[in-house]
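Please see the structure below; I have some questions.
Quick note: the coordinates plus some simple rules give every number you see, no bench work behind them. This is a predicted model, so every value here is computed, not measured. Positions of Cβ are backbone-derived with ideal geometry, glycine not excepted, and every protein chain shown enters the neighbour counts.
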Amino acid sequence: MNAVTRFYENHPINEQQILDKLAAEGIPPEKITPQDLSRFDQDHYGGLDATDRLAETLDIAPGMTVLDVCSGMGGTSRYLAYRYGANVVGMDLTESRVEGARSLTEIVGMQDSVRYVVGDASDMQLDPDSFDRLVSQEAFLHIPNREPLFACSYRVLKRGGGIGFTDWIAKDGLSVNARQRFADGFAARDIASLEQYRNLVTKAGFVDVAATDLSVEWREILGQRLEMYRSLEAETIAQFGQERFNGFVDSYVFFIEQIDAGTLVT
Ligand SMILES: C[S@@+](CC[C@H](N)C(=O)[O-])C[C@H]1O[C@@H](n2cnc3c(N)ncnc32)[C@H](O)[C@@H]1O
């Protein structure tokens, strides 16, 4: 198990925690809808609004084939299927995330429009020219070898296809120390600058490249997410121990401090 899969095997948000939350609201598994899951299964900033923005930017339309790279618990994949009518494949490196995504998808009966594969985004074992769109939310920071990541992305997309992703962006002043803290606390293995990203995607062959800084509008959300993680104290300690809980919350506080200092944008 590498640092990334270890991080996600011990993550405060997981399939069981989502089902427990719904059970606490009085919703048993057989009554859960995709919309119920969507309130808890989005492991990225901005939740469904952020996914809508990506989907609208990419003009995702009914019947399109979409690859959701680093799909986690499958929240984005399911949403693109039920809201936009896409046929989605979610890919993730962490086996328990893929198992959780499959199980949640079956619970809501969406297995015909969404399926998941275990795989490394920088070495995709998928057919070339097979997707209309590729999306990824809040995950590329875990992937140090980005040239193969974008080369694979380009290869699996059909001609005229499109890619859209959200990620952390390093600004001047992001120190070596801060990068190390993010590596230790979040398994963030590389945080690229906007210029590095532009070079990477254009080198892979993508054209019409655009970027939007969402830090200001997402700053409030980050504070809310920190409070949500703090509210999971008892469950997180019971599942993974006090040290894991403290480490996660401390890292999150540090992350928000870096956003406020302007050394990191999202
Ligand atoms: C913050 S989660 C985001 C999950 C999902 N995109 C979402 O927004 O709900 C990051 C995910 O990236 C996955 N991941 C990290 N490195 C990966 C890689 N090289 N290939 C595929 N998945 C990877 C992790 O296992 C984790 O599930």
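Cβ-Cβ distance below 8 Å, separation of 6 or more or different chains: which pairs start in region 145-160 with a residue that is within 14 Å of Leu126 (Cα to Cα) and end on one that is within 13 Å of the ligand (Cβ to nearest atom) and among the hydroxyl-bearing types (Ser, Thr, Tyr)?
Close Cβ pairs (under 8 Å, with a partner that is within 13 Å of the ligand (Cβ to nearest atom) and among the hydroxyl-bearing types (Ser, Thr, Tyr)) amount to Pro148/Ser122; Leu149/Ser122; Cys152/Ser122.
How many residues does region 31-71 hold that are farther than 26 Å from Arg159 by Cα, assigned to a loop (DSSP other than H, G, I, E, B), within 16 Å of the ligand (Cβ to nearest atom) and of a type outside the set (Phe, Trp, Tyr)? Talk me through it step by step, then tell me what you get.
Initial filter on region 31-71 (farther than 26 Å from Arg159 by Cα): 31-49.
Add one more test, that the residue is assigned to a loop (DSSP other than H, G, I, E, B), and what stays is 32-33, 39-46.
From the residues that got through so far, the ones that are within 16 Å of the ligand (Cβ to nearest atom) too are 39-46.
Then keep just the ones that are of a type outside the set (Phe, Trp, Tyr); that gives 39, 41-44, 46.
Looking only at that region, the number is 6.
Which ones in region 156-166 are within 12 Å of the ligand (Cβ to nearest atom) and either crowded, with 21+ Cβ neighbours inside 10 Å or farther than 30 Å from Asp184 by Cα (or both)?
Thr166
A further question follows. Please work out which residue is farthest from the ligand (Cβ to nearest atom), limiting yourself to region 1-16 and to residues that are crowded, with 17+ Cβ neighbours inside 10 Å and assigned to a helix (DSSP H, G or I).
Within region 1-16, the subset crowded, with 17+ Cβ neighbours inside 10 Å is 4-5, 7-8, 11-15.
Right, trim to assigned to a helix (DSSP H, G or I) and you get 4-5, 7-8, 15.
Numbers: Val4: 5, Thr5: 6, Phe7: 8, Tyr8: 4, Glu15: 12 Å.
In this case the residue turns out to be Glu15.
Anything in region 96-120 that is outside any helix (DSSP H, G or I) and either under 16 Å from Leu37 (Cβ atoms) or in contact (Cβ under 8 Å) with a residue 40 or more places away in the chain (or both)? List them, or say none.
Val108, Gly109, Met110, Gln111, Ser113, Val114, Tyr116 - these are the residues of region 96-120 that are outside any helix (DSSP H, G or I) and either under 16 Å from Leu37 (Cβ atoms) or in contact (Cβ under 8 Å) with a residue 40 or more places away in the chain (or both).
Next up: The conditions are (1) touching a residue at least 24 places away in the same chain (Cβ under 8 Å); (2) outside any strand (DSSP E or B); (3) within 24 Å of Tyr154 (Cβ to Cβ), and Met91 fails exactly one of them. Which is it?
(2)
Out of (1) within 21 Å of Asp68 (Cβ to Cβ); (2) among the small types (Gly, Ala, Ser); (3) surrounded by fewer than 17 Cβ atoms within 10 Å (Cβ to Cβ), what's the single condition that is false for Ala188?
(3)
Among the residues of region 192-202, are any touching a helix residue (DSSP H, G or I) at 6+ places or on another chain (Cβ under 7 Å) and surrounded by fewer than 16 Cβ atoms within 10 Å (Cβ to Cβ)?
Looking through region 192-202, none of the residues is touching a helix residue (DSSP H, G or I) at 6+ places or on another chain (Cβ under 7 Å) and surrounded by fewer than 16 Cβ atoms within 10 Å (Cβ to Cβ).
Next question. For region 206-265, name all the residues that are over 30 Å from Gln196 (Cα atoms), among the hydrophobic types (A, V, I, L, M, F, W, C) and in a helix (DSSP H, G or I).
Met228, Ala234, Ile237, Ala238, Phe240, Phe245
Moving to a separate point now. In region 203-226, which residue that is of a type in the set (Lys, Arg) and surrounded by 14 or more Cβ atoms within 10 Å (Cβ to Cβ) is nearest to Arg53 (Cα to Cα)? Walk me through it before giving the result.
First pass over region 203-226, keeping only residues of a type in the set (Lys, Arg): 203, 219, 225.
Cutting the leftovers down to surrounded by 14 or more Cβ atoms within 10 Å (Cβ to Cβ) gives us 219, 225.
Numbers: Arg219: 17, Arg225: 20 Å.
Checked region 203-226; the qualifying residue nearest to Arg53 (Cα to Cα) is Arg219.
Quick one: which of Ser153, Ser96 is buried (at least 16 other Cβ atoms within 10 Å of the Cβ), among the hydroxyl-bearing types (Ser, Thr, Tyr), more than 21 Å from Ala192 (Cβ to Cβ) and within 15 Å of the ligand (Cβ to nearest atom)?
Details: Ser153 fails: more than 21 Å from Ala192 (Cβ to Cβ).
So the residue among Ser153, Ser96 that is buried (at least 16 other Cβ atoms within 10 Å of the Cβ), among the hydroxyl-bearing types (Ser, Thr, Tyr), more than 21 Å from Ala192 (Cβ to Cβ) and within 15 Å of the ligand (Cβ to nearest atom) is Ser96.
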